1. In the set Asn182, Asn193, Asn138, Asn159, which member is within 25 Å of Glu218 (Cα to Cα), open to solvent by 20 Å² or more (accessible area, probe 1.4 Å) and either among the hydrophobic types (A, V, I, L, M, F, W, C) or modelled with pLDDT of 95 or more (or both)?
2. When the residues of segment 162-179 are narrowed to those that are modelled with pLDDT of 90 or more and acidic (Asp, Glu), which ends up least open to solvent (accessible area, probe 1.4 Å)?
3. Just checking, does segment 70-86 include any residue being in contact with an Asp or Glu (Cβ under 7 Å, 6 or more places away or on another chain) and in a helix (DSSP H, G or I)?
4. Give segment 93-107 a look and list any residue that's surrounded by fewer than 23 Cβ atoms within 10 Å (Cβ to Cβ) and outside any helix (DSSP H, G or I), or say none.
5. Restricting to segment 141-151, count the residues that are among the aliphatic types (A, V, I, L, M) and either part of a loop (DSSP other than H, G, I, E, B) or open to solvent by 20 Å² or more (accessible area, probe 1.4 Å) (or both).
6. Could you figure out which of (1) open to solvent by 20 Å² or more (accessible area, probe 1.4 Å); (2) of a type in the set (A, V, I, L, M); (3) at pLDDT 95 or above isn't true of Ile38?
7. Going by what's in this entry, would Lys121 be described as farther than 23 Å from Leu51 by Cβ, open to solvent by less than 70 Å² (accessible area, probe 1.4 Å) and out of contact with any strand residue (DSSP E or B) (no Cβ under 7 Å at 6 or more places or on another chain)?
8. Go through (1) among the acidic types (Asp, Glu); (2) out of contact with any helix residue (DSSP H, G or I) (no Cβ under 9 Å at 6 or more places or on another chain); (3) not in a helix (DSSP H, G or I) for Glu13 and report which single condition fails.
Amino acid sequence: MQYFGGKARISKEIVKVLNEYRKENQVFVEPFCGGLNITCLMDGDIIANDLNFDLIQMYIAIKSGWIPPEVITEEDYIDAKNGNVSSQLKAFIGIGCSYSGKWFGGYARGAKGRNYAKNAKNSLAKKFKTIKDVEFINESYNDIICSNALIYCDPPYNNTTKYKFGDFDTEAFWQWCRDMTNKGNTVIVSEYNAPADFKCIWSKETKTDIRTKANGKETRVEKLFLYCA
């Protein structure tokens, strides 16, 4: 399922780095799990969190046997946007059937009869073959309590598209990363830039999900940062 800002194209490379830094018996915690592109490639004990209540309800429902639909009309999309459907269906439509996977960013219309709902359903089914035992939670990232964990964060990037679920305090987030490291965790963050006390341990040039009329898809450099206490 396409997810705005997701790491599908570079997920295997990120996971390789994460596993290099993962210590023995560390639980893997993803506070901004989004489209599960990283979670589904990790093994061992896993906790996946997201502030989007409907998204987590969808994952819990799928884990319990719920099967998403293969056809979503524009009328269905409007009903979901207005909150007239279940939480799991709202999330499925709001992301899986939206332009570029952006939360209700517009009903997706594909060329040559592309069926976004069917594609999203199949993508989720594939991911859930490997994450049956994941613990899904719905909290703010800074309410998560853990120790001896590898924490991978893919937060709302600073100075990019506005966060849909309230204002995001980037400075407070970086301080939380420091605090969690000092509590015995390993914290790795995806971003374009980071404070000086965070070391870049990996980078790769990528293209964004959004296409501009003038230049096509914009090129950015994705990076992984590790706090160096």
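1. Numbers: Asn182 fails: within 25 Å of Glu218 (Cα to Cα); Asn138 fails: within 25 Å of Glu218 (Cα to Cα); Asn159 fails: either among the hydrophobic types (A, V, I, L, M, F, W, C) or modelled with pLDDT of 95 or more (or both).
Exactly one of Asn182, Asn193, Asn138, Asn159 is within 25 Å of Glu218 (Cα to Cα), open to solvent by 20 Å² or more (accessible area, probe 1.4 Å) and either among the hydrophobic types (A, V, I, L, M, F, W, C) or modelled with pLDDT of 95 or more (or both), namely Asn193.
2. Per the stated criteria, the residue is Asp179.
3. The initial filter retains those residues of segment 70-86 that are in contact with an Asp or Glu (Cβ under 7 Å, 6 or more places away or on another chain), namely 85.
Keeping just the survivors that are in a helix (DSSP H, G or I) gives none.
So far as segment 70-86 goes, no, none of its residues is in contact with an Asp or Glu (Cβ under 7 Å, 6 or more places away or on another chain) and in a helix (DSSP H, G or I).
4. Within segment 93-107, the subset surrounded by fewer than 23 Cβ atoms within 10 Å (Cβ to Cβ) is 99-100, 102-107.
Those that are surrounded by fewer than 23 Cβ atoms within 10 Å (Cβ to Cβ) and outside any helix (DSSP H, G or I): Lys102, Trp103, Phe104, Gly105, Gly106, Tyr107.
5. Restricting attention to segment 141-151, the residues satisfying the condition of being among the aliphatic types (A, V, I, L, M) are 144-145, 149-151.
Filter once more, keeping what is either part of a loop (DSSP other than H, G, I, E, B) or open to solvent by 20 Å² or more (accessible area, probe 1.4 Å) (or both): 144-145.
The number of residues fulfilling the criteria is 2.
6. Every listed condition holds for Ile38 apart from (1).
7. Details: farther than 23 Å from Leu51 by Cβ: yes; open to solvent by less than 70 Å² (accessible area, probe 1.4 Å): yes; out of contact with any strand residue (DSSP E or B) (no Cβ under 7 Å at 6 or more places or on another chain): yes.
So Lys121 fits the description; yes.
8. (3)
The values are calculated or read from the model by the stated rules, or taken from the named source; none is laboratory data. The structure presented is a predicted model; accordingly, all values stated were derived computationally and were not measured. Backbone-built Cβ (ideal geometry, glycine too); neighbour counts: all protein chains shown. To get the accessible areas, we keep the full protein, side chains included, count just its heavy atoms, and leave off ligands, DNA and RNA. Shrake-Rupley method; radii C 1.70, N 1.55, O 1.52, S 1.80 Å.
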